[in-house]
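What follows draws every value from the coordinates through simple rules; no lab data is involved. The structure presented is a predicted model; accordingly, all values stated were derived computationally and were not measured. Heads up, the Cβs are rebuilt from the backbone with ideal geometry, glycines too, and the neighbour counts pull from every protein chain shown.
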């Protein structure tokens, strides 16, 4: 068995417009190793989110995948090309093997359902055999992301942005997926909450061996969390490497620019 | 136009589920004042749930505090006469976070500007009114022909937010209460917006209370900053001082939580935040490394 969870080869995604196709992802080759936290960096419009939704098969028209393959190796199942699975086969993979942690935690939870029922929804739908265990699972899952059991009885509007994001994290890992793709998981949050979320994400890997792909435009997030960083620019990967190498010894001119352009803020070394 | 807006011992409690006495105190004995002259920008920074937006609602008269008072020109805003209240309403203007929510999607965006003109009787003729509107739109770097006659969904978030600034520009209030006005805008549009606020301060003498959770925005605006946590203001001072020599442990924690873009300077300690009771004091003192620079 390969030690990669995901092998992306030559992935191409375009958005069709009146003025022809816009290539958002132009031939990406990337391996995601089992158990690692892989950061995807790049500026707005570089194709980071398009890459994520394409992998998750959530790409909507006018976007379409025009080439490449994405081999996914879930533990204990046979490898599949994510670009070729459909219908039931894809539905079975979702949440149980491959899950998504979106950016907009504000709009990702159902406003008229208690947190408890949102967990139940996912678990019953994707792992009907664990239906009985749901009530025991929820407090444990909430504790994993540092939330108290009483949160389960609450509605989304009673939670702060950071708590909602953590509820989503708990739902994302509820069925112990092989890979979680997190798209800008902390972007809308303030710094202390962001720090807590990053902590919890790191814990998920340490405690449960979840493989994480974290998309963020914030180089600080990658420096704090990632094992490896892949830098995207105009739909292509310009550099992939160990986090230390990327920050300390960037090989590509764009990466160097990206690191140099990080705003200098806060207490200075004076 | 009055010269001062003051909060005196403001406390705001809300009913809440699952807490000990059935209440949470969102704003706890907050006192500060904003002077119209010299015009200044005062940022109020704190994490979500710290009570900053509640303070905005109190200052704007949208929520009556459970204790303490909000004074405009020395008078309690909830005890103003009709005429005084109208003056206060004009002189203290809000800019809110969500550039989508403030517009009625069925009306053209012009409406928010015309409504303000009529309510405050800024022009006697339609031509004069239009002139004012166009002038104000240009002041916020919008081309009138590009935005007038359009519906909210036809404009970008940054454009919508600037229309609200144009409205403020028309009214020339002494005070702007801006509650997270840029948190839904991307970096470039954000800078644009902040530059307009700075413009308003220097050209039109407006004082802004700028509420945000984003430290880089505070840094960009300069002026003064107040740090709020658990409903209490724990530090106030010039931005440069507070950012470089924070005196309160919470401010230190906040600054230390900016992720540093250096994998060799990862956080070594953990923090815990209970957002229902708000921040705990997870020993922030031990957590900060004053000698470590934040890049």
Quiz prompt | For B:103, B:120, order by how many other beta-carbon atoms lie within 10 Å, fewest first | solution = B:120, B:103
Quiz prompt | segment B:4-245: relative contact order in percent, alpha carbon pairs under 8 Å with at least 6 residues between | solution = 29
Quiz item: What percent antiparallel are the DSSP beta bridges of the protein assembly as shown, to the nearest 5?
Solution: 60
Exercise. Would you mind calculating the relative contact order of segment A:4-260 from Cα pairs under 8 angstrom and at least 6 residues apart, reporting the percent as a whole number?
Key: 27
Quiz item: DSSP beta bridges in chain B, what fraction antiparallel, as a percent rounded to 5?
Solution: 55
Quiz item: Which of these, A:62, A:149, A:177, has the largest mean-square fluctuation under a Gaussian network model of chain A (Cα springs below 10 Å)?
Solution: A:62
Quiz prompt | Computed label-point distance, nm, for sites residue B:8 and residue A:236 using a 7 Å Cα→Cβ extension | solution = 6.7
Quiz prompt | Average other protein chain Cβ within 10 Å of Cβ, residues A:173-186 | solution = 0
Self-check item: Shielding by partners - mean other protein chain Cβ count within 10 Å, residues of A:192-204
Solution: 5
Exercise. Stick to Cα atoms and the Kirkwood definition of Rh, then tell me Rg/Rh for segment B:4-245.
Key: 0.97
Quiz item: Which of B:165, B:194, B:44 moves the most in a Gaussian network model of chain B with Cα springs under 10 Å?
Solution: B:194
Self-check item: Within segment A:9-45: backbone nitrogen closer than 13 Å to the residue A:61 label point (7 Å, Cα to C-beta)
Solution: A:16-17
Quiz item: Anyone know which of A:153, A:19, A:256 comes out most mobile in the 10 Å Cα GNM of chain A?
Solution: A:19
Exercise. Using 0.36 nm per residue of separation minus the Cα-Cα distance, give me the extension gain between residue A:86 and residue A:157 in nm, one decimal.
Key: 22.1 nm
Quiz item: So if we plug the beta-carbon distance of residue A:143 and residue B:268 into 1/(1 + (r/R0)^6) with R0 = 22 Å, what FRET efficiency do we get, rounded to 0.05?
Solution: 0.40
Quiz item: What is the spin-label model distance, in nm, from residue A:9 to residue B:23 if the labels are put 7 Å beyond Cα along the C-beta direction?
Solution: 6.7
Quiz prompt | Cα→Cβ-extended label distance, 7 Å offset, between residue B:195 and residue A:43, nm | solution = 1.6
Practice problem: Output the antiparallel fraction of DSSP beta bridges having both residues in chain A, as a percent to the nearest 5. | Solution: 60
Quiz prompt | Stokes-Einstein D (µm²/s) once Rh is taken as the Kirkwood radius of the protein assembly as shown over alpha-carbon pairs, at 4 °C in 1.567 mPa s | solution = 51
